[in-house]
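The structure appears right after this line, and notes come after that.
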Amino acid sequence: MGWKAAEKLIRHWKILRGDNVMIIRGKDKGESGLIKRVIRSQNRVIVEGKNLVKKHIKQGEGHTGGIFSIEAPLHVSNVQVLDPVTGKPCKIGYKYLEDGTKVRVARGMNASGAVIPRPEILKERRKPRPTSSGPKDTPIELVLEKTYDAKAGIGMPDL
């Protein structure tokens, strides 16, 4: 089970990390869970506690070996997002509200057409932003310094 790139990558992902999905094909068919991770380079997702496989891990420095159960990735075509109103799997469409915000909506035969909210977990960053400035960072005083003013002629090139 090595790493393998997908032949044709999905350009516009409609399934996001933290979505509540139902598995529609495979050994866990009919079960639902939350998406733990999205692997875009392989067109796959990992669902929490589903598609468990046994992994043999050799003993090494600082850890014990043994046989562990881990979650294997599922192809994105084998999962569907659950409709928040009916609780059934549905496709996802996009719609603009009157105030101009773009939202995901449930679509399909058994869909209610309700708005599918963006998962709360996406508001947290997986890699935190660095809080301290490094040696290559520009100091904030230089960033905020005004070096161009068209009315006063400051910073204009001499032609």
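In this structure, the residue pairs whose Cα-Cα separation is over 31 Å, taken from 54/95; 8/54; 55/127, are 54/95.
Taking every protein chain into account, the 1.4 Å probe leaves residue 75 with about 60 Å² of accessible area, to the nearest ten. Solvent-accessible area per residue in the chain equals 80 Å², computed with a 1.4 angstrom probe and all protein chains kept.
Distance distribution note for the chain: the fraction of Cα pairs above 20 angstrom is 67%. Let me make sure I get this right: for the stretch 43-130, a, b and c are the square roots of the gyration tensor eigenvalues over alpha carbons, sorted descending. Under 1.5 in a/c it's rounded, otherwise prolate if a/b > b/c, else oblate. Which is it? Cα axes put the stretch 43-130 in the oblate bin. When all alpha carbon pairs of the stretch 1-51 are counted in 10 Å bins from zero, the resulting P(r) reads 24, 50, 25 %.
In the stretch 76-159, what percent of the accessible surface is made up of carbon and sulfur (1.4 Å probe, ligands and nucleic acids excluded)? Whole-percent figure for carbon plus sulfur exposure: 54. Across the options 103, 156, 75, the greatest Cα extent toward the positive end of the charge dipole of the chain (unit charges at beta carbon of Lys, Arg, Asp, Glu) belongs to 75.
Which whole-angstrom value gives the distance between the alpha carbon centres of the stretch 107-159 and the stretch 26-91? The two parts, judged by their Cα centres, are 33 Å apart. Amide H contacts for residue 105 (H built 1.01 Å from N in the peptide plane; partners 5 or more residues away or on another chain; cut-off under 5 Å): 93, 94, 95, 116. Rolled with a 1.4 Å probe across the full set of protein chains, the surface gives residue 86 an accessible area near 70 Å². Computed over the Cα atoms of the stretch 111-159, the ratio of the radius of gyration to the Kirkwood radius (Rg/Rh) comes to 1.34.
Annotation: residue 41 carries an accessible surface of approximately 50 Å², with a 1.4 Å probe and no ligand, DNA or RNA atoms counted. For the stretch 22-82, the ratio of Cα radius of gyration to the globular rule of thumb 2.2 N^0.38 Å stands at 1.30.
The values are calculated or read from the model by the stated rules, or taken from the named source; none is laboratory data. What you see is a predicted model; the values in this text were computed from it and never measured. Cβ sites come from the backbone with ideal geometry, for glycine too, and all protein chains shown count toward neighbours. Just the protein is used for accessible areas: all its heavy atoms, side chains included, with ligands, DNA and RNA removed. Shrake-Rupley method; radii C 1.70, N 1.55, O 1.52, S 1.80 Å.
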